[in-house]
Every structure is written in C-alpha cells, then in structure tokens.
Amino acid sequence: MTDIGRASTVRWRADTGKASTVRWRIFAIIFVLVVINLIDRVTLSIAMPTIAKEFALEPAFQGLILSAFFWSYALLQIPGGWLIDRFGPRALITGAAVGWGFFQAIAGIATGGVTLLLSRVGLGAAEAPLFPAGAKLNSLWLSPRERARGAVLVDSGAPLGAAFGGVIISSLILSLGSWRTAFVVAGVATMALGALAWWYLRDHPAKHSGVNAAELAAIQASSASDKAVSDDRSRRLSRCSLAIGLLAGLDCRCDVVLLPRDGLLASIDEA
C-alpha cells in the first residue's frame, strides 16, 4: 500500500478523534538536526589547536581552513532552494544530513591541511539546504497561525547548538582520546539522523500515515481561512518587504565577508 493509501486509511479511522501531532514531531526532528548542524560546524574550531600542531599549519592557513565552510555554504543557498522546490524538503534534508555527516567523518581521516580544507568546503555545501528546507516544511505543514512557532522552533536550535557544541565536542575528544575519532563519531551520528529524517518526514501532511483527519483538516482549514487576510496583508506590505529584503541582503553580505575574517583572527590569536 502506498503512503497516500495508508494515510487515507488512518484518517478514515480517526475522523472523530483528537487531532494528531505529527507536524510538531517533524519540527522536533528538524530542531535536533539544526542543533547537530551547529555542533558539527564548531568541531574544527575546538580541535584546531591540536590539529594545527599535528599538521604544522601556519596561522594564515588555519584561518583559511576555518573560513572555507562559508564559501560553499553561501554559494549554494539559492541552488539549494531550487533543489528543495524541485525534489521536496524530505529528500534535501535527508541528503544534507547524510552529506554533511559524511564530510564531518571524512575530516577525521584528513592527511593534511588541504584535505581538511576540502572537507570543510564539502561540509558547507551539504549544510546549505537545511534552513531553507525547514522554511519549506513550515509552509507545507503548519497553518499561518502556527508558522511563527515553527520558525522559532527551527531557529532556536542554532544558538543552542553553538552554545553547547564546544562543550560536547571537547568532552567527546577527551573521552575518546582523539579528535579524529570524535569527528568520525559525530559524522556517523549525523548520518543516522539523516536516515531518521527520511523515515519520518514527508513533503505533505496528506502523505504521512500518522496524520489523522482532524490534524489535516486543522492545517488546511486554517490556511484557507487566512488566505484572504494574507493576500491583503502582502499587498499592503510590499514596499516594506522590499526594504527588509535589501537590509537582509546587506546582512548576508556581512556574514560572508566578516565571518572568514573572524576565523582568521581567531587562528592568529591562538598561534
């Protein structure tokens, strides 16, 4: 039986029941992936003093390696969004998690600064679709009245991962006695989460066997009732949206330019 057939069967059995909460479980998975996303980003910064000694890396090259992540991450934002529209968020989230887990593990077997740099470029490319895919799921799985909660749930994983990533990775390195082993373990764990995402996520509520009729009706009814208000609001805010878009573009440009510089300064300070 297909996913749609199973979903239809479950919903017919639960027409009069309480609405299921599959959508929030999906966003819990995305939240965990975002936390892991940020943890995997900071692993190299934590291990760099040890790696620099092992590979005899100059401070300038350390900064280059730390900055390499953002080259591909920034470059693939727009292509990543196109791929999400083309193949769906489920496939892209799974591919992203498996991909960045792979490059994280590959970093653990790096033989020098160049291979480590290439692994960071691959990590940035693989991580690029995660946040756009989360936004796509937000529009597909949540009614307009719930989307702010969904967006906050996804975005809050980033500072949480950055805040605790250093502690988690440093503890893992100390307990395993090797930065290489810690990188491989982190990468394999990420790939396992990617498999979980493929198993549970769906591109639309109607395709998920756990979504009952009440939950599907709540999502669709709220979306329909708010459509007229949203359309009117979008017309009135068009000029404001243009201004916000321009400011956001400046912010993104600052991220791309300044973050590599920060990485370089950090590596110089450690030298």
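Under a point spin-label approximation (7 Å from Cα along Cα-to-Cβ), what is the residue 149-residue 192 distance to one decimal in nm?
Result: 3.0 nm between the two label points.
Over the stretch 92-134, what is the relative contact order in percent, taking alpha-carbon pairs closer than 8 angstrom and at least six residues apart?
57
In nm, give the distance between the simple-model label positions of residue 77 and residue 21, each being 7 Å from the Cα along the Cα-to-Cβ direction.
Placing both labels 7 Å beyond Cα along the Cβ direction yields 3.4 nm.
Karplus couplings for the stretch 89-101 from phi (6.51 cos²θ - 1.76 cosθ + 1.60, θ = phi - 60°), rounded to Hz, Gly and Pro as x?
Those phi angles translate into x, 4, 5, 6, 5, 5, x, 5, 5, 5, x, 6, x Hz.
Roughly how far apart, in whole Å, are the Cα centres of the stretch 19-40 and the stretch 69-97?
Here the two parts' Cα centres lie 17 Å apart.
None of the figures in this text is laboratory data; all of them are computed from the coordinates on show. Since this is a predicted model, take the numbers as computed values, not measurements. As a convention, Cβ positions derive from the backbone with ideal geometry for all residues, glycine included, and neighbour counts pool all protein chains shown.
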